[in-house]
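Notes for the one structure printed next.
The values are calculated or read from the model by the stated rules, or taken from the named source; none is laboratory data. Since this is a predicted model, take the numbers as computed values, not measurements. For neighbour counting, all protein chains shown are included, and Cβ atoms are generated from backbone atoms with ideal geometry for every residue, glycine included.
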Amino acid sequence: MDINLILGGVVIFIAFFFGVPALRTELGTYLELNAFILVFFGTIASTLISTSFKEFKNILIVFKQLIFRPKKLDPFKAVEILVHISAVAQRSTKQALLAEGVGIGDGFLERSLGLVAAGLDREFVQRTLETDIAEIQRRHSQMGGMVRTMGAFSPMFGMTGTVLGVTQVLQNVTDIDTIVSGMSLALLTTLYGLILSSVFFIPLSNKLKGISAGELLTKQIIMEGILAIMDKEIPLKVEQYLQAFLQTKAKKQKKEE
């Protein structure tokens, strides 16, 4: 599970719990099921309308992966593995390299080595891997954009609830129950819309962007490493070249470890 999500959730709870004293004594005042249903399901409905059902299901998968992060190959580990593979390539056949990528990461390394083992030319391998990376980037951008769109829809439905609540109040300004019910809907829908947008959807879209950047960097390193191996570069040259993709500060930390 992503520790930052847990830590962020705890800090948000502290911010609300201690920043709004009434929450500690009158929590029920801020809980309104009707207002939440309007904002949350309105946001879901607008998202469904703006995309396909298949893409919407992918969003659910993305949310699940954000909470229970699958173990993926990080850039440092990718460099280490590719340096090892380059050493193996110096003394083994291309076909023997395929076994070096089995069960590592999400399968991109194994697929890359499969292209090498098949004896395909360098230009074709490069074009194929570049196309793979571009497609992954397109999917990531699409998912991130969809989550950001949900962050835009939720405040809109919050404002919709506000308009409906005020309208309800104006229908009968002499009935105190109608006024209380209408104002509760008006104010809490806005609150829920802002919370869903600023606490969940927009931060998650930014997190997806960061995760995507890391994954794309790893795949770029794998591609460049595979091409260097096809050029029969020695392990030292492969290592020095691939480390150029890593941040300077991160490289220093890695050496200290």
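Tabulated data
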quantity	calculated
Test: Ala213 is in a helix (DSSP H, G or I), modelled with pLDDT under 85 and closer than 23 Å to Leu109 by Cβ	no
Whichever residue in the stretch 1-56 is among the charged types (D, E, K, R) and in contact (Cβ under 8 Å) with a residue 60 or more places away in the chain and, among such residues, is farthest from Gly193 (Cα to Cα)	Asp2
From the options Gly42, Gly103, Gly28, Gly119, residue that is out of contact with any strand residue (DSSP E or B) (no Cβ under 9 Å at 6 or more places or on another chain) and either surrounded by 16 or more Cβ atoms within 10 Å (Cβ to Cβ) or among the basic types (Lys, Arg) (or both)	Gly42
Filtered residues of the stretch 128-160 (kept if more than 22 Å from Phe56 (Cα to Cα) and either out of contact with any helix residue (DSSP H, G or I) (no Cβ under 8 Å at 6 or more places or on another chain) or at pLDDT below 90 (or both))	Thr131
Test: Ile221 is over 25 Å from Ser52 (Cα atoms) and within 24 Å of the chain's Cα centre (by Cα)	yes
Scan of the stretch 40-54 for residues that are under 20 Å from the mean Cα position of the chain (by Cα) and not small (Gly, Ala, Ser), ordered by number	Thr43, Ile44, Thr47, Leu48, Thr51, Phe53, Lys54
Within the stretch 230-256, considering residues that are within 16 Å of Leu217 (Cα to Cα) and not in a helix (DSSP H, G or I), the one modelled with the lowest pLDDT	Gln247
Options Val163, Val147, Val125: the member that is assigned by TED's automatic domain parsing to the domain that holds Phe56, aliphatic (A, V, I, L, M), in a helix (DSSP H, G or I) and within 13 Å of the chain's Cα centre (by Cα)	Val147
Segments classed as helices (runs of 4 or more DSSP H), wholly inside the stretch 1-94, with at least 2 members that are in the same structural domain as Gly151 (by TED's automatic domain parsing)	33-50, 53-67, 75-91
Residue check, Ala15 of a type in the set (Gly, Ala, Ser), surrounded by 15 or more Cβ atoms within 10 Å (Cβ to Cβ) and more than 17 Å from Ile202 (Cα to Cα)	no
